[in-house]
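Comments concern the structure below.
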Amino acid sequence: MVDVKEKTTATQAVRASGAKTLADHVADVRFNEPQSVGAGFRPFERYHVELVQADGSKAHLMRDILRVGRTVGVIAVDLARDEIVIIHQFRLAAHLGTGLGELVEIPAGYVDRGETPLEAAHRECIEEIGVAPRALREIYTFLPAPGILDEYATIFIAAVDASQVPAKAGAVDETEQTRPIRVRIDDALDALGRGTIRNGYLIMALQWLALNRERLPELLHEA
């Protein structure tokens, strides 16, 4: 006969062990100097990798990586008007992948050399939606596609005055054209539920917003 108490204790121990290991950690890995696969807007490199696995065996892999680096995204909200400011922007990869190249996105971009993520977020907010944030706070980081990109994104929540948002924006020196749009937060969350948006940054941002909406006044007041 199985001791129910003993079985329950064992299950709890397994769950506790799983919770402790549910985190990224350092890999035992070696790799050569990268070979250039292609030179373009960002370096595309090939690596030959030796990875020591959990059982001590070694796996030999070849991986091609697009070197993107640090990026930022901004969830720009106007609490007084209960709005979020997002943008429309053409993306060739989206056009090739889905036929829907006019994506809805949050303001986002690269961290330039010598910039901090906070400074980059402030700059991207001005460039892509045409207004400077009144308050800006880092809320989470993530890796958009670690199977092929080294991109490491930092996401910020920003307080903005949506009434000052222009019809067009974008960095002139980057031939960038963005069309900011003001959307009620409820309508944005409804679009998330209906599955009409596909940009990963925006989907994740709206999921965070849905979970943390009540905390926004406190988060932005202290920023």
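Residues that are under 27 Å from residue 113 (Cα atoms), surrounded by 13 or more Cβ atoms within 10 Å (Cβ to Cβ) and charged (D, E, K, R) do not occur anywhere in segment 50-58. Reported count of residues in segment 56-83, each being in a strand (DSSP E or B) and either among the acidic types (Asp, Glu) or at positive phi (or both), is 3. Residues that are under 19 Å from residue 196 (Cβ atoms), β-branched (Val, Ile, Thr) and under 14 Å from the mean Cα position of the chain (by Cα) do occur in segment 70-78.
Taking residues in segment 189-209 that are in contact (Cβ under 8 Å) with a residue 40 or more places away in the chain and farther than 14 Å from residue 74 by Cα, and partners anywhere that are in a helix (DSSP H, G or I) and of a type in the set (Val, Ile, Thr), the pairs with Cβ atoms closer than 8 Å and at least 6 places apart or on different chains are 197/203; 198/98.
Where helices (runs of 4 or more DSSP H) fall entirely within segment 109-223, those with at least 1 residues that are exposed (fewer than 13 other Cβ atoms within 10 Å of the Cβ) are at 185-194, 200-212, 216-222. Here residue 50 clears all of (1) touching a strand residue (DSSP E or B) at 6+ places or on another chain (Cβ under 9 Å); (2) acidic (Asp, Glu); (3) assigned by TED's automatic domain parsing to the domain that holds residue 197 except the condition numbered (3). When we screen 181, 155, 126, 106 for residues that are outside the structural domain of residue 42 (by TED's automatic domain parsing), without any contact (Cβ under 8 Å) to a residue 12 or more places away in the chain and β-branched (Val, Ile, Thr), the only hit is 126.
When residues in segment 92-104 are screened for being surrounded by 14 or more Cβ atoms within 10 Å (Cβ to Cβ), in contact with a His (Cβ under 8 Å, 6 or more places away or on another chain) and within 17 Å of residue 203 (Cβ to Cβ), 2 of them pass.
The values are calculated or read from the model by the stated rules, or taken from the named source; none is laboratory data. Source: prediction; values computed, not measured. Quick reminder, even Gly has a Cβ in these numbers, built from the backbone with ideal geometry, and neighbours come from all protein chains shown.
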